[in-house]
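K.L.:
Got a structure for you, questions after.
Since every read-out is calculated from the coordinates, none of them should be taken as a lab result. All values reported here derive from a predicted model rather than from experimental measurement. Using ideal geometry, Cβ is built from the backbone for each residue, glycine included, and neighbour counts are taken over all protein chains shown.
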Amino acid sequence: MKEAALALLTESFGRGLGKRDWIEHDPDYDSLRDDPRFQALLAKLPT
């Protein structure tokens, strides 16, 4: 499900959804944190 989660996050973040501060600390994202693609998505979000 990791691939599906990253695809949905890519789409959501591309639409301006998601708050970096919240996503950085939400335990729901723990399984994605080590993935370089997740880190790249996170880096694109405004601080």
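K.L.:
Nearest 20 debye, what's the magnitude of the dipole of the chain about its Cα centre given +1 on Lys and Arg Cβ and -1 on Asp and Glu Cβ? Show your work: numbers first, answer last.
P.N.:
On the way: 7 positive and 9 negative charges, 49 e Å.
In debye, rounded to 20, the chain gives about 240.
K.L.:
Still on this structure, please answer the following. Sum -39500 (n - 2.57) across every DSSP H segment of at least 4 residues in the chain, then divide by the residue count to get the 222 nm mean residue ellipticity, nearest 500.
P.N.:
Working: 3 runs with 28 residues, N = 47.
Per the formula, -17000 deg cm²/dmol.
K.L.:
Lys/Arg Cβ at +1, Asp/Glu Cβ at -1, dipole of the chain taken about the Cα centre: which of Pro36, Ala4, Gly16 is farthest positive-ward?
P.N.:
Gly16
K.L.:
Would you tally the net charge around Lys19, using a Cβ to Cβ cut-off of less than 15 Å, leaving Lys19 out, and scoring K and R as +1, D and E as -1?
P.N.:
Values: positive: Arg15, Arg20, Lys44; negative: Asp21, Glu24, Asp26, Asp28.
With Lys, Arg at +1 and Asp, Glu at -1, the net is -1.
K.L.:
Now a separate question. Restricting the calculation to Cα positions, tell me the Rg (one decimal) and the Dmax (whole number) of the chain in Å.
P.N.:
Rg and Dmax of the chain, Cα atoms, are 9.6, 27 Å.
K.L.:
Then there's this: Please give the length that would be gained between Tyr29 and Met1 if that part of the chain were fully extended, namely 0.36 nm times their separation in residues minus their C-alpha to C-alpha distance (nm, one decimal).
P.N.:
Values: separation 28, 0.36 × 28 = 10.08 nm, distance 1.24 nm.
So the chain would gain 8.8 nm between Tyr29 and Met1.
K.L.:
Considering only the other residues whose Cβ falls under 14 Å of the Cβ of Gln39, what net charge follows from Lys and Arg at +1 and Asp and Glu at -1?
P.N.:
On the way: positive: Lys2, Arg20, Arg33, Arg37, Lys44; negative: Glu24, Asp30, Asp34, Asp35.
Around Gln39, the surrounding residues sum to +1.
K.L.:
Remind me, relative contact order of the chain in percent, using alpha carbon pairs under 8 angstrom and six or more residues apart? Provide the component values of the computation, followed by the final result.
P.N.:
Working: 21 pairs, mean separation 23.4, N = 47.
Here the relative contact order equals 50 percent.
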